[in-house]
């Protein structure tokens, strides 16, 4: 287990130490999650081309490939798209659409125009610096109502004192943005999220790289510190909102003047509000079940993004 913590620390140190002269490269996210490519996206004539399979998978598009015709097909929610390698004519539900740049094969992989594929399936595309942010149709529709949607208590006997996740976020950020923990003065920020399945999650961002590295060093000797840290905030969500099943995710937020050359699995990059990039990495998670009175904490493997349980017990 200690080796996994060392891997996380090593990758985060790499982010800090990267040369300011390194050339930035394009990064693509779908619904806030980084898309993992075998080959980097390319830009030709102002059009970004990407490997089609990773993007299709992350957007939930059904994949088809006809080797003889050199033809890519994709289907989602009644929409069918067809792209042919070397042809600037694509088809959406049988209607021809002219492309600025034709799909092409590079080192054995088929590259397609990213914006066309995304928008043809109803996704929203935003370019900010070297980051292309894609929000799927389902996610975009959901996010437009999430901030004002009341959280329904899973236990009707517990009545919430407030009604929106905006109010919960404000309470947490007003009261715990500076949190003293085992000699560390943690700079934290909180964001609530309601998943498509109605599950509540709390994102806890650590905004100081020195704090992150010191916490990782402490955790190498005592894994229970994760449940001690998250255990401060889960009761707040439970008592104020009546949520019985709560997931908490502890993330590191680091700043880089250049686009990082290597990222932990599941990490993603967005432009900083000032300059350079903000690198957000998932480090730890915890799950609290107030029905069974149990909790569990996990470490996120920096290589594959999978969770490994650290400890657990009774509430």
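Only the coordinates and a few stated rules stand behind these numbers; no lab work does. The model shown is predicted, which means the values in this text are computed figures rather than measured ones. Backbone-built Cβ (ideal geometry, glycine too); neighbour counts: all protein chains shown.
Protection proxy ranking, highest mean first, for peptides 182-192, 96-106: 182-192, 96-106, where packing is the per-residue count of other beta-carbon atoms within 10 Å, averaged.
You can think of it this way: the chain between residue 182 and residue 224 has 13.9 nm of extra reach, that is 0.36 nm per residue less the Cα-Cα gap. Note on segment 38-95: Cα convex hull, mean projected area over all directions, 4.7 nm².
The slack between residue 272 and residue 45, meaning 0.36 nm per residue of separation minus the straight C-alpha distance, is 79.1 nm.
Mind ordering 30-39, 228-237, 306-315 by average Cβ neighbours within 10 Å, highest first?
Numbers: 30-39: 16.0, 228-237: 18.5, 306-315: 12.9.
Output ranking for 30-39, 228-237, 306-315: 228-237, 30-39, 306-315.
Report note on the peptides 204-217, 58-71: ranked by the mean count of other C-beta atoms within 10 Å, highest first, their order is 204-217, 58-71.
Exposure proxy check: 29, 292 ranked by fewest other beta carbons within 10 Å? Don't jump to the answer; show the numbers that get you there.
Details: 29 18, 292 11.
The order, fewest Cβ neighbours first, is 292, 29.
Which shape class applies to segment 26-129: rounded if a/c is under 1.5, otherwise prolate when a/b exceeds b/c and oblate if not, where a ≥ b ≥ c are the square roots of the Cα gyration tensor eigenvalues? Kindly include the intermediate steps, with their values, before the conclusion.
On the way: a/c = 1.37, a/b = 1.18, b/c = 1.17.
Taking the square roots of the gyration eigenvalues as a ≥ b ≥ c, segment 26-129 is rounded.
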